[in-house]
Amino acid sequence: MRRVQNTLSLANILDDAAFLSLEHQLHLEDVLGQHNWSVNLQEQRFEFDGERPLQCTRFHLLGSAAPGPGSWLWAWANPSIPEPVTALSASLRDFGAQHGIAELARPEIPFDALPQAQGAPNAVAGVFLEAAKAVSGSWTSYTGDIGGGTRAAFLIEHPDFRLPPPEPARVMRVLQQGLGTLRLSEHRRALWSYTQRRGISAAVAPEDGSFRFSFPGFGATVTFDEHNRISNIQASMGGEQG
């Protein structure tokens, strides 16, 4: 189990996951194209068919978000599900208990305990998937409607889901799309976590607090506003920026 850097709270862990999770989901869309999905928990099989049929090499059921009771139920709390597909959810329970993160440790979480999800089952599932990614280091997720508006949340594994090396246009898309769509508590933390987990060289400039990161063929300087939010990204596509 990986430790998440700095202060451990649900909000911090979500920031740690934000950009890298988004990049993995964009990559998953590219890999799958138009598709359907199916899962057999007893046979431990998760498959996609459509433009590119694919059977996952491994998958983990985290839990389900049901609009009827208005709550999230962790997979480890459902005794009818085989242990091999719930083991990762149980490790999240232990991590939450160890670090005092109640949302990860309790068997059932009401939707109203997650204001960032605004009561939407898919958004609730997304919150717990993001947290699981940051803690476990398994980065590709899938949610599916299993009837009555209930969303089941999975982490899925396959060699084709692994990211290729960083590429300038994709990194910029991840940052720009993430800033427009993700609910970030701490922009600096989210950006630092992304570069470190993505293997991108990064440093904070002592003179002005700007954030500089680079990889071969690309460099960027990120500045922040008075609220510590990202205000500008100045990129150089031709070479690394000092």
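Output the strands (runs of 3 or more DSSP E) that fall wholly within segment 157-242 and possess 2 or more residues being surrounded by 18 or more Cβ atoms within 10 Å (Cβ to Cβ) and at pLDDT 95 or above, or say none.
Counting at least 2 such residues, we get 211-215, 218-224.
Let's see how each residue does on (1) among the hydrophobic types (A, V, I, L, M, F, W, C); (2) more than 23 Å from residue 117 (Cβ to Cβ):
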{"site": "143", "(1), (2)": "no, no"}
{"site": "158", "(1), (2)": "no, yes"}
{"site": "161", "(1), (2)": "yes, yes"}
{"site": "164", "(1), (2)": "no, yes"}
{"site": "216", "(1), (2)": "no, yes"}
Open item on the list: Going residue by residue through segment 133-143, is there one that turns out to be part of a helix (DSSP H, G or I), more than 13 Å from the chain's Cα centre (by Cα) and either crowded, with 21+ Cβ neighbours inside 10 Å or β-branched (Val, Ile, Thr) (or both)?
Closed with: no
TODO: Could you list all residues from segment 21-48 that are assigned to a strand (DSSP E or B) and open to solvent by 80 Å² or more (accessible area, probe 1.4 Å)?
DONE: 36
- [ ] Tell me, please, whether a residue that is at pLDDT 95 or above, among the small types (Gly, Ala, Ser) and over 20 Å from the mean Cα position of the chain (by Cα) can be found in segment 45-66.
- [x] yes
- [ ] Six or more apart or on different chains, Cβ under 6 Å: which pairs go from a residue in segment 88-103 that's part of a loop (DSSP other than H, G, I, E, B) to one that's of a type in the set (A, V, I, L, M, F, W, C) and open to solvent by less than 40 Å² (accessible area, probe 1.4 Å)? Could you list them?
- [x] 101/10
Open item on the list: Quick check on this structure: which one of 108, 83, 130 is in contact with a Ser or Thr (Cβ under 6 Å, 6 or more places away or on another chain) and either within 24 Å of residue 56 (Cα to Cα) or open to solvent by less than 40 Å² (accessible area, probe 1.4 Å) (or both)?
Closed with: 130
Open item on the list: Go through segment 60-77 and report how many residues are open to solvent by 10 Å² or more (accessible area, probe 1.4 Å), farther than 12 Å from residue 151 by Cα and in contact with a Leu (Cβ under 9 Å, 6 or more places away or on another chain).
Closed with: 1
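The values are calculated or read from the model by the stated rules, or taken from the named source; none is laboratory data. Since the structure is predicted, the reported quantities are computational estimates derived from the model, not experimental observations. Cβ atoms come from the backbone with ideal geometry, glycine included; neighbour counts cover every protein chain shown. Only protein heavy atoms, including side chains, enter the accessible area calculation; ligands, DNA and RNA are left aside. Shrake-Rupley method; radii C 1.70, N 1.55, O 1.52, S 1.80 Å.
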